[in-house]
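Written out below as structure tokens is the structure these notes cover.
The values are calculated or read from the model by the stated rules, or taken from the named source; none is laboratory data. Just so it is clear, the structure is predicted and the values come from calculations on it, not from any experiment. Note that we place each Cβ from the backbone using ideal geometry, even for glycine, and neighbour counts take in every protein chain shown.
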2 protein chains.
Amino acid sequence: MNKSVKSILAAMIVVASAGALAQQGQPKPENLIKWRQSAYQVLAWNSGRLKANVDGQYNKDEVVKAANTIAAIANSGLGALFAAGTEQGKGWHDTSTKPEFFKDAHRVGELAGNFNKEANELAKVAVAGDAAAVKEQFGKLGKSCKACHDDFKIKD
Amino acid sequence: MNKSVKSILAAMIVVASAGALAQQGQPKPENLIKWRQSAYQVLAWNSGRLKANVDGQYNKDEVVKAANTIAAIANSGLGALFAAGTEQGKGWHDTSTKPEFFKDAHRVGELAGNFNKEANELAKVAVAGDAAAVKEQFGKLGKSCKACHDDFKIKD
């Protein structure tokens, strides 16, 4: 499967997840926004733990836990939290997602695919336990986060 | 290992995690509180998804994702987010954790151990794919959540 087809499929999954949610009795937009803001905070917590470990005293168990948590969030189907109706609104705070996010499923699918790939790779590398390899892969994960923030996150 | 020893060990892990965090340059208490409130919201999102699936149209892929996310949060080392200094304070909102939580490491360890056990079991059962078994195990997980909320969560 080529990269472009993968991106389109990833975008279709986002749309399909949103559709599935609607069928189940869709949660309120403010809850979806609160949950996505929460999920990104859990990512921030675990990124901070990883940074502290790769820059300071390395604890393999801590790194594995943090990497697994990030991978689980990446694999959780976050797309469903960006369902139609959540383009604007307040969860814990006003959404930080740019309106463009909801209009470019192709680019979003590509960025989400990259994030998932790097997060799952980090979880694997963490188990192997080589600190230098973890640091390198953590850098790649960070770039995949930044790429999406640059395009689609409203700056504070 | 008997149950009591397991509980004490679980409590020691909570304390040790808090200690490890302090060594790394401890994040601010308000961040720890915000992260734990976020982690519980991610649990709420995924519990809601599971409930919608076991009570409505069952989608194995959705159930596996939700169960894996809950298990990953359970295994993430949440204890570190309840480090000394976070007994009171505001993350997204004033902490909902009762002061008693910070004084009963034995009971907290026991409850946390039960939650982890039921969450990891649910992730296994979800992969096997039997909807009735998932519903039963989801009920057990819910009881382990409620047991801790009853003892240590300030009611809204």
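Which residues, counting only those in the range B:27-77, are among the aliphatic types (A, V, I, L, M), facing chain A (nearest Cβ under 7 Å) and either touching a Phe, Trp or Tyr at 6+ places or on another chain (Cβ under 8 Å) or over 22 Å from A:PRO27 (Cα atoms) (or both)? Across the range B:27-77, the qualifying residues are B:ALA39, B:VAL42, B:ALA72. Of all residues in the range A:88-96, none satisfies being out of contact with any strand residue (DSSP E or B) (no Cβ under 9 Å at 6 or more places or on another chain) and in a helix (DSSP H, G or I).
Condition test on A:LEU122, is it within 23 Å of B:ALA67 (Cα to Cα), crowded, with 20+ Cβ neighbours inside 10 Å and either at pLDDT below 95 or not small (Gly, Ala, Ser) (or both)? So A:LEU122 passes the test.
Looking only at the range A:103-124, which residues are within 20 Å of A:VAL42 (Cα to Cα) and touching a residue at least 24 places away in the same chain (Cβ under 8 Å)? Correct list: A:LEU111, A:ALA112, A:GLY113, A:ASN114, A:PHE115, A:ASN116, A:LYS117, A:GLU118, A:ALA119, A:ASN120, A:LEU122, A:ALA123. A single member of A:ASP61, A:ASP94 is surrounded by fewer than 20 Cβ atoms within 10 Å (Cβ to Cβ) and closer than 16 Å to A:GLN37 by Cα, and it is A:ASP94. Regarding A:GLN37, is this residue out of contact with any strand residue (DSSP E or B) (no Cβ under 7 Å at 6 or more places or on another chain) and in a loop (DSSP other than H, G, I, E, B)? Taking the combined requirement at face value, the residue does not satisfy it.
Count of the range B:131-148 residues, restricted to those that are surrounded by 14 or more Cβ atoms within 10 Å (Cβ to Cβ) and closer than 20 Å to B:SER96 by Cα, is 5.
Among the residues making up the range B:86-97, a single one is under 16 Å from the mean Cα position of the chain (by Cα) and either small (Gly, Ala, Ser) or within 14 Å of chain A (Cβ to nearest Cβ) (or both): B:SER96. The residues of the range A:97-118 that are outside any helix (DSSP H, G or I) and basic (Lys, Arg) amount to a single one, A:LYS98.
Does A:ALA83 satisfy the criteria of being within 12 Å of chain B (Cβ to nearest Cβ), buried (at least 17 other Cβ atoms within 10 Å of the Cβ) and either farther than 25 Å from B:VAL64 by Cβ or modelled with pLDDT of 95 or more (or both)? Spelling it out, it is not the case that A:ALA83 is within 12 Å of chain B (Cβ to nearest Cβ), buried (at least 17 other Cβ atoms within 10 Å of the Cβ) and either farther than 25 Å from B:VAL64 by Cβ or modelled with pLDDT of 95 or more (or both). Please determine whether any residue of the range B:123-144 is among the hydroxyl-bearing types (Ser, Thr, Tyr) and either part of a loop (DSSP other than H, G, I, E, B) or under 26 Å from A:TRP92 (Cα atoms) (or both). No, the range B:123-144 contains no residue that is among the hydroxyl-bearing types (Ser, Thr, Tyr) and either part of a loop (DSSP other than H, G, I, E, B) or under 26 Å from A:TRP92 (Cα atoms) (or both).
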